[in-house]
Amino acid sequence: MNDMRLIERAVDMDDIKISARDVQVYYGDNHAIKDVGVDIEDKTVTAFIGPSGCGKSTFLRCLNRMNDTIDVCRVEGDIHLDGEDINARQVDPVQLRAKVGMVFQKPNPFPKSIYENVAYGPKIHGMAATKAELDEIVETALRRAALWDEAKDRLDTAGTGLSGGQQQRLCIARAVATQPEVLLMDEPCSALDPIATSQVEELIDELRANYCVVIVTHSMQQAARVSQKTAFFHLGNLVEYGETGKIFTNPEDERTESYITGRIG
Amino acid sequence: MLFALFLLVPVAAAAAYVTARQRATALSTAAGQRLHSRPQHHGLHSALWVLIAGWGALIVLTVVGEALIQRVLMARISDALPDEGPLQWNLVLSDARSFAQGAVSSEMDPLRERIAGAFSWMNGTRLWLTVLATLGGAAAAAWWTYKGITVEARARVQSETIIRRGLAVMATVAVLTTIGIVFSLIFETVRFFNAIDWQLHKFLFGTTWSPLSGVFEGEMDADKVGIVPLFAGTLMITLIAMLVAVPVGLFAAIYLSDFANHRVRAVVKPVMELLAGIPTVVYGFFAAITVAPLLRDTGEAIGIRVASESALAAGLVMGIMIIPFISSLSDDVITSVPQSLRDGSLSLGATKAETIRKVVLPAALPGIVSAIVLGVSKAIGETMIVVMAAGQGPNLTGNPLEAMTTVTVQIVALITGDTEAETAAGPAFTLGFTLFVMTLLMNMLAQRLVARFREAYD
Ligand SMILES: Nc1ncnc2c1ncn2[C@@H]1O[C@H](COP(=O)(O)OP(=O)(O)O)[C@@H](O)[C@H]1O
Ligand SMILES: [Mg+2]
């Protein structure tokens with residue numbers, strides 16, 4: 001019985017959740033992402049690292065088509081989620097985003113109660129038929145985001161009244177509540193203090209069991225701590241992609257090596 | 001002459017500024033140490049005192065001198081014409097003054113000539129005194145502040161005190177003016193209520209408005225001062241206007257902020273604001289000449305009687321007038337809702353419509369409510385459109401197709417009517433006061449509502 005599960009997990013590990021080929025992104029005339037191709041595995045934390053302005057956020061936003069909301073932005077190339085082209089005509093970005101959740105750099109809770117923040121997605125997608133079901137979804141999401149103990153007595157108070165770290169965990173709970181399959185995180189800890197950061201990092205490690213997590217980070221230590229795979233971007237190019245351990249100890253490209261040893265910043 | 005003097009004072013102040021600053025700089029160099037206040041503060045201190053002394057002397061002497069001359073001359077005239085009354089004395093004085101200043105007067109006689117002569121002499125003296133005092137005051141202030149420049153002089157602190165007091169005076173003027181207006185409203189209102197023996201219920205709930213019909217018998221008829229028809233008209237027309245303006249304005253704002261691309265926005269927004277600049281008279285005759293006949297003809301064609309002046313015509317056009325206020329203000333607040341909130345909602349798989357309805361509008365609600373309150377105040381206060389398109393007859397009717405009138409229109413009718421101002425002022429001021437109380441209550445209610453539904457975001 002135990003053995004069976006082990007095998008199942010081993011198979012999952014190799015599942016490719018997202019595969020991108022020849023992705024180009026333009027902001028007007030600015031060619032921000034050039035020929036990027038990458039296979040992102042399920043039940044894995046994949047880190048995007050690279051100097052700022054190299055296109056990490058831009059590429060991340062391609063994965064849930066958030067770039068659609070920017071007028072000047074144009075995306076080309078193939079991105080497949082579970083083998084399905086997400087840029088295809090018949091794919092509705094609204095449905096895609098229900099499957100691919102996102103957490104932003106700056107915590108952005110809605111100016112509503114903690115409960116309403118978490119219940120927002122489930123309500124929209126009609127995931128709960130009764131109030132009790134909704135309560136349960138909210139509780140599960142808050143527990144998953146390690147916020148339940150702090151928030152359970154103040155679910156009716158404003159989400160914007162929480163501390164920065166709590167707000168970010170609330171945003172994670174909000175994203176988790178819609179039961180996405182992929183969780184995109186754009187520098188989720190950049191606005192947080194070290195304690196809140198380590199809480200969120202622990203959380204990311206736990207989320208790996210259920211989700212495919214992609215995290216953008218400017219901190220190499222963070223990438224090393226939480227991720228199994230790392231992709232290094234430089235000037236819009238994907239320079240190197242592989243096991244995190246290998247990227248950090250034995251990079252193949254000299255640009256990766258310079259970045260890791262602190263020569264490109 | 002006096003006006004030139006008035007302009008001369010700031011010039012003197014500028015000169016005092018430069019001199020004082022130079023002196024302070026020189027002093028600092030000579031003493032080899034830092035001054036307590038920097039040179040420009042010494043300059044400012046000097047300039048401020050020159051302004052205060054110069055303008056102060058000018059204003060005081062002008063006002064006091066004028067009053068003095070008036071009294072002395074009046075005394076002489078009343079001595080010369082003990083049998084006449086103040087009306088006649090005033091006439092003599094004004095004739096004499098205009099003669100002295102070289103204008104044509106209605107008639108001349110020896111008394112008038114004598115008074116004119118006295119006036120010329122006194123006025124000339126006053127003029128010279130004023131010039132002397134103003135220039136002297138300014139010079140004294142400049143000299144005194146100049147002498148006061150030392151290393152440890154606290155010129156900056158002193159100038160800041162002067163400026164602070166100046167600001168306080170301005171604030172007081174604004175507040176006192178408001179209080180004065182409210183008090184004169186209250187005063188006239190009380191007088192009016194006295195005239196109807198405080199039968200407030202007849203005023204508040206009476207259904208006939210014809211306050212001047214009894215004035216020739218010398219009495220205000222309490223049965224004819226019911227404001228219900230006026231407020232019914234105001235409410236009806238405001239309601240129609242808001243039914244037009246709120247949906248159109250709000251949806252226009254949502255379109256502009258969340259759907260229109262940059263180019264559309266760059267054209268539409270200024271055009272909307274242009275609409276807000278059209279004088280209401282223009283809307284008024286548009287309503288009277290175009291919209292009202294159109295409504296009447298349309299009504300005729302489908303067999304409904306529409307009066308040629310109707311609340312509907314006035315309300316519709318007023319609504320159009322208010323659209324830009326609501327759309328422009330709402331657009332500003334909707335645009336200022338952070339993009340990060342929209343992104344948060346979209347990333348959870350919400351549609352654009354859901355995002356706007358559930359996140360953007362609630363966050364922008366306080367601003368939208370103030371926009372609507374502003375719109376309602378505009379509608380209540382608007383007079384021109386109603387005069388032209390809805391008529392002046394205080395009919396009590398619930399039918400928007402009939403002629404109606406509003407509170408503001410009745411105020412205009414009273415003040416511009418044939419009845420003398422003394423009599424007409426009572427009802428007019430009372431209407432004004434009632435309107436004031438009503439808008440005040442409405443504003444307070446709106447603020448309460450906003451405080452209750454406010455969703456704070458940073
Ligand atoms: N909304 C936008 N409009 C125009 N250009 C953008 C926008 N967002 C990002 N860019 C450009 O795209 C490039 C990559 O930016 P980004 O993806 O934010 O980098 P990173 O997240 O790695 O710091 C930069 O050159 C940036 O100027
Ligand atoms: Mg970024």
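Read-outs throughout are calculated quantities, based only on the coordinates presented, and are distinct from any laboratory measurement. What you see is a predicted model, and the numbers here were worked out from it, not measured in a lab. Using ideal geometry, Cβ is built from the backbone for each residue, glycine included, and neighbour counts are taken over all protein chains shown.
Each residue of region B:334-347 is assigned a 3J(HN,Hα), and the resulting list reads 5, 5, 7, 5, x, 4, 4, 5, 5, 4, x, 5, 4, 5 Hz, derived from the Karplus form 6.51 cos²θ - 1.76 cosθ + 1.60 (θ = phi - 60°), x at Gly and Pro.
Each 10 Å bin from 0 upward holds the following percent of the Cα-Cα pairs of region B:227-453: 8, 28, 30, 21, 10, 3, 0. Across peptide A:118-129, the mean count of Cβ atoms from other chains lying within 10 Å of each residue's own Cβ comes to 2.
Taking the Cα atoms of region B:2-153, the ratio Rg/Rh between the radius of gyration and the Kirkwood radius comes to 1.27.
Among A:Asn64, A:Asn250, A:Asn87, the largest mean-square fluctuation in a Gaussian network model of chain A, built with springs joining Cα atoms closer than 10 Å, belongs to A:Asn250.
Converting the Cα gyration tensor eigenvalues of region B:212-274 into ellipsoid dimensions via √(5λ) gives semi-axes, longest first, of 48, 13, 5 Å. If you average the C-alpha positions of region A:99-127 and of region B:74-109 separately, how far apart do those two centres end up, in angstrom? Going from one Cα centre to the other spans 84 Å.
Based on the mean of other beta carbon atoms within 10 Å per residue, what is the order of B:408-415, B:71-78, most packed first?
Going by the mean number of other Cβ atoms within 10 Å, highest first, we get B:408-415, B:71-78.
Spin-label model, B:Val18/A:Ser219: points 7 Å from Cα along the beta carbon direction are separated by 6.1 nm. The H on the amide N of A:Met102, modeled in the peptide plane, is under 5 Å from the matching H of A:Leu184, each at least 5 residues off or on a different chain.
In sequence order, region A:97-111 has phi-based couplings of 5, 5, 8, 10, x, 9, 10, 9, 4, 9, x, 10, x, 6, x Hz under the Karplus curve 6.51 cos²θ - 1.76 cosθ + 1.60, θ = phi - 60°, and Gly or Pro positions carry x. Extending 7 Å from the Cα toward the beta-carbon at both A:Met127 and B:Thr439 defines two label points whose distance is 5.0 nm. For region A:54-137, the C-alpha radius of gyration sits at 1.31 times the compact-globule guess of 2.2 N^0.38 Å, with N the residue count.
Annotation: amide H-H contacts under 5 Å for B:Ala153 (H modelled 1.01 Å from N, sequence separation of 5 or more, or interchain): B:His36. Cβ-Cβ distance of A:Gln95 and B:Leu294, R₀ of 45 Å, FRET efficiency by 1/(1 + (r/R0)^6): the value works out to about 0.40. Angle of helix A:114-124 to the longest C-alpha principal axis of chain A, folded into 0 to 90 degrees and rounded to 10: 70°. How charged is the neighbourhood of B:Ala155? Take every other residue with its Cβ under 12 Å from the Cβ of B:Ala155, and add Lys/Arg as +1 and Asp/Glu as -1. Net local charge, B:Ala155 excluded: +3.
FRET efficiency for the pair A:Glu76 and B:Phe259, taken as 1/(1 + (r/R0)^6) with r the Cβ-Cβ distance and R0 = 35 Å, rounds to 0.90.
Between B:Ala139 and B:Ile415, what's the calculated FRET efficiency when r is the beta-carbon distance and R0 is 51 Å? Round to 0.05. After rounding, the FRET efficiency stands at 0.55. Residues whose amide H lies under 5 Å from that of B:Val306, counting only those 5 or more places away or on a different chain, are B:Glu300; hydrogens are built 1.01 Å from N in the peptide plane.
The mean count of C-beta atoms from other chains within 10 Å of the C-beta of residues in A:106-114, rounded to a whole number, is 5.
Where does helix B:421-453 land angle-wise versus the long Cα axis of chain B, in degrees 0 to 90, nearest 10? Helix B:421-453 sits roughly 70 degrees off the main axis of chain B.
Between the alpha-carbon centres of region B:382-443 and region B:255-326 there is a gap of 22 Å. Cα centroids of region B:185-250 and region A:191-246: 72 Å apart.
Quick one: work out the % antiparallel among DSSP beta bridges in the protein assembly as shown, nearest 5. Bridges in the protein assembly as shown are about 60 percent antiparallel.
Computed over Cα pairs, the Kirkwood radius of the protein assembly as shown leads via Stokes-Einstein (1.002 mPa s, 20 °C) to a diffusion coefficient of 64 µm² per second. Length available on full extension from B:Asn194 to B:Ala174: 0.36 nm per residue minus the Cα-Cα distance, which gives 4.2 nm. Near A:Val25, once Lys and Arg are set to +1 and Asp and Glu to -1 for all other residues with Cβ below 11 Å from its Cβ, the sum equals +1. For the cross-link pairs A:Lys152/B:Lys352; A:Lys34/A:Lys123; A:Lys56/B:Lys269; A:Lys99/A:Lys229; A:Lys43/A:Lys123; A:Lys99/B:Lys352, the ones whose C-alpha atoms lie over 29 Å apart are A:Lys152/B:Lys352; A:Lys34/A:Lys123; A:Lys56/B:Lys269. Stokes-Einstein diffusion for chain B at 20 °C, viscosity 1.002 mPa s, with a Kirkwood radius from C-alpha pairs, works out to 75 µm²/s.
Rounded to the nearest 10 degrees, what's the angle between the helix B:361-381 long axis and the longest principal axis of chain B, both from Cα atoms, 0 to 90? So the inclination is approximately 70 degrees.
Between A:Thr140 and A:Arg21, the simple spin-label model (points 7 angstrom out along Cα→Cβ) gives 3.6 nm.
For region B:107-114, the Karplus equation 6.51 cos²θ - 1.76 cosθ + 1.60, evaluated at θ = phi - 60°, returns couplings of 7, 10, 8, x, 4, 4, 5, 4 Hz by residue, with Gly and Pro reported as x.
The sum of -39500 (n - 2.57) across all DSSP H runs of n ≥ 4, divided by the residue count of chain B, sets its helix-only mean residue ellipticity at 222 nm to -25500 deg cm²/dmol. Within region A:188-258, the GluC sites (Glu not before Pro) that combine a DSSP coil assignment with at most 14 other C-beta atoms in a 10 angstrom radius are A:Glu252.
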